[in-house]
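Take a look at the structure set out below.
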Amino acid sequence: MKVAIIHDWLVTYAGAERVLEKMIECYPDADLYSLVDFLESDRSFIKNKKINTSFIQHLPLARKKYRYYLPLMPLAIEQFDLSSYDLVISSSHAVAKGVITGPDQFHICMCYSPIRYAWDLQHQYLKESGLNDGLKGLLVKWFLHNIRIWDLRTVNGVDEFISISKFIKRRIKKIYNRDSIVIYPPVYINDFKNFVDKKEEFYITSSRMVPYKKIDLIVEAFTRKMPDKKLIVIGEGPDFDKIKRLSGKNVELMGYQPFPILKDYLSRAKAFIFAAEEDFGIAPLEAQASGTPVIAYAKGGALETIIGLEYDHPTGVFFYEQSIDSLASAVNKFENQVKEINSKNCVENAERFSESRFINEFKNHVENKYSIWKKKL
């Protein structure tokens with residue numbers, strides 16, 4: 001069986017790349033394709049494999065501005081000649097699922113989400129980017145309209161969908177009208193097993209500072225509503241200066257920190273604060289793997305990875321509005337009921353999402369579906 005794995009773009013090592021890493025462990029002889037490959041020195045997660053890239057790789061300023069070439073990405077992904085492969089696996093949150101395959105090839109898509117900024121999150125992205133109005137905004141809306149048409153057309157080229165959460169399973173059903181099986185992404189649980197039973201008197205959040213992560217909401221809530229409680233913020237990004245201006249004396253912005261420091265703070269924190277609506281959300285599971293409870297916005301993948309106080313063996317507390325008051329109320333609720341949550345429960349819950357579990361589930365599902373499809377030929 002000759003296997004190809006197609007990934008949207010390779011520019012960093014984040015959540016989707018962790019999944020790709022484990023796919024390669026399942027299929028070490030697979031050939032890899034990506035629109036662009038601008039990885040720096042550490043290429044170990046792709047086993048230092050050669051990457052087959054598209055023409056976008058060679059366009060001006062592509063290294064820093066590859067996203068600006070989004071209008072060309074549907075065309076670029078369709079230029080990969082995959083006709084010699086038996087099994088095609090797309091690792092897709094944008095256009096990878098749009099590769100062209102034939103009737104004698106099996107295409108299974110690991111879907112992190114249908115293109116978020118083209119579908120149900122379009123209005124949020126346009127607002128945050130200042131593209132709601134004007135000629136530029138009109139052009140972007142027209143482009144997204146065409147992306148939706150292309151995205152739906154390519155659905156028929158996928159034989160099987162895998163979704164990364166029940167939340168994404170519902171989005172795939174709503175947008176593509178296709179069923180999918182949920183296989184949760186791998187979380188590197190063993191890297192975080194450093195918890196301490198006696199927590200210290202500070203809360204923590206860590207994230208890239210972009211609008212949808214809502215770090216500004218967290219910082220403002222602690223500054224204005226909880227000035228007696230300490231908050232540690234780890235991470236950097238475009239919103240760093242804005243968030244710094246919102247920070248009170250009880251908020252410490254540490255910027256980017258290497259993994260050992262992040263791990264140390266996670267293990268000692270009273271709780272991890274998570275205010276984003278994520279498709280899955282690895283950060284809350286890394287906190288739980290560290291034995292640290294999570295106070296999270298009750299939407300998206302968080303509802304599947306955190307056990308609320310209403311259940312046995314809880315691992316966190318939810319708040320139900322992305323507002324300062326709702327978050328402050330949840331922190332107070334947590335402090336009143338913190339004895340009901342312990343580090344052991346948090347670690348045991350995180351273990352449900354381990355690397356070995358993902359490898360077994362993914363490979364078994366792919367090979368089972370491929371075998372069934374093959375018998376029908």
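Select from the stretch 46-61 the residues that are assigned to a helix (DSSP H, G or I) and over 23 Å from the mean Cα position of the chain (by Cα) and write down the one among them that is surrounded by the most Cβ atoms within 10 Å (Cβ to Cβ). By that ranking, first place goes to I56. State which residue is farthest from R18 (Cα to Cα) when the search covers only the stretch 334-377 and only residues that are over 28 Å from the mean Cα position of the chain (by Cα) and without any contact (Cβ under 8 Å) to a residue 24 or more places away in the chain. Among those residues, the one meeting the criterion is N336. Scanning the stretch 29-45 for residues being crowded, with 16+ Cβ neighbours inside 10 Å and acidic (D, E) gives a total of 2. Candidates are the residues of the stretch 86-105 that are touching a residue at least 40 places away in the same chain (Cβ under 8 Å) and surrounded by fewer than 21 Cβ atoms within 10 Å (Cβ to Cβ); the one that is farthest from Y33 (Cα to Cα) is D104.
Which residue, of I108, I115, I164, I147, is farther than 30 Å from L377 by Cα, touching an Asp or Glu at 6+ places or on another chain (Cβ under 8 Å), buried (at least 18 other Cβ atoms within 10 Å of the Cβ) and in the same structural domain as A14 (by TED's automatic domain parsing)?
I115
Residue selection: I295 fails the criterion of being crowded, with 16+ Cβ neighbours inside 10 Å, closer than 19 Å to G15 by Cβ and aliphatic (A, V, I, L, M). Here the stretch 70-80 is the region considered, the condition is being at pLDDT 95 or above and under 23 Å from the mean Cα position of the chain (by Cα), and the residue that is surrounded by the most Cβ atoms within 10 Å (Cβ to Cβ) is I77. Restricted to the stretch 170-199, and to residues there that are loosely packed, with under 13 Cβ neighbours inside 10 Å and closer than 27 Å to S343 by Cα, the residue that is modelled with the highest pLDDT is N190. When the stretch 228-269 is filtered for residues that are surrounded by fewer than 17 Cβ atoms within 10 Å (Cβ to Cβ), in a loop (DSSP other than H, G, I, E, B) and of a type in the set (D, E, K, R), the ones remaining, listed by number, are D228, E236, K249. Of the helices (runs of 4 or more DSSP H) contained entirely in the stretch 81-177, those carrying at least 1 residues that are under 17 Å from the mean Cα position of the chain (by Cα) fall at 122-128, 166-176. Within the stretch 26-45, the residues that satisfy the criterion of being within 21 Å of the chain's Cα centre (by Cα) and either of a type in the set (F, W, Y) or not assigned by TED's automatic domain parsing to the domain that holds V366 (or both) are Y33, F38, F45.
Here E278, E351 are screened, and the one residue that is in contact with a strand residue (DSSP E or B) (Cβ under 6 Å, 6 or more places away or on another chain) and at pLDDT below 95 is E278.
Looking at the stretch 32-53, is at least one residue of a type in the set (D, E) and either within 18 Å of V158 (Cβ to Cβ) or in contact (Cβ under 8 Å) with a residue 40 or more places away in the chain (or both)? The answer is no; no qualifying residue exists. The set of residues from the stretch 70-94 being farther than 21 Å from I183 by Cβ and in contact with an Asp or Glu (Cβ under 6 Å, 6 or more places away or on another chain) is empty. Per the conditions (1) in contact (Cβ under 8 Å) with a residue 40 or more places away in the chain; (2) hydrophobic (A, V, I, L, M, F, W, C); (3) farther than 18 Å from E335 by Cβ; (4) not in a loop (DSSP other than H, G, I, E, B), the sole criterion not satisfied by V187 is (4). Of the residues I324, I282, the single one that is more than 16 Å from the chain's Cα centre (by Cα) and either aliphatic (A, V, I, L, M) or surrounded by fewer than 19 Cβ atoms within 10 Å (Cβ to Cβ) (or both) is I324.
Check the stretch 201-212 and report whether any residue there is out of contact with any Asp or Glu (no Cβ under 6 Å at 6 or more places or on another chain), surrounded by 15 or more Cβ atoms within 10 Å (Cβ to Cβ), over 29 Å from C109 (Cα atoms) and without any contact (Cβ under 8 Å) to a residue 24 or more places away in the chain. Taking every residue of the stretch 201-212 in turn, none turns out to be out of contact with any Asp or Glu (no Cβ under 6 Å at 6 or more places or on another chain), surrounded by 15 or more Cβ atoms within 10 Å (Cβ to Cβ), over 29 Å from C109 (Cα atoms) and without any contact (Cβ under 8 Å) to a residue 24 or more places away in the chain.
The values are calculated or read from the model by the stated rules, or taken from the named source; none is laboratory data. Predicted, not measured: the structure shown is a model, and the values here were computed from it. So basically every Cβ, Gly included, is an ideal-geometry build from the backbone, and we count neighbours across all protein chains shown.
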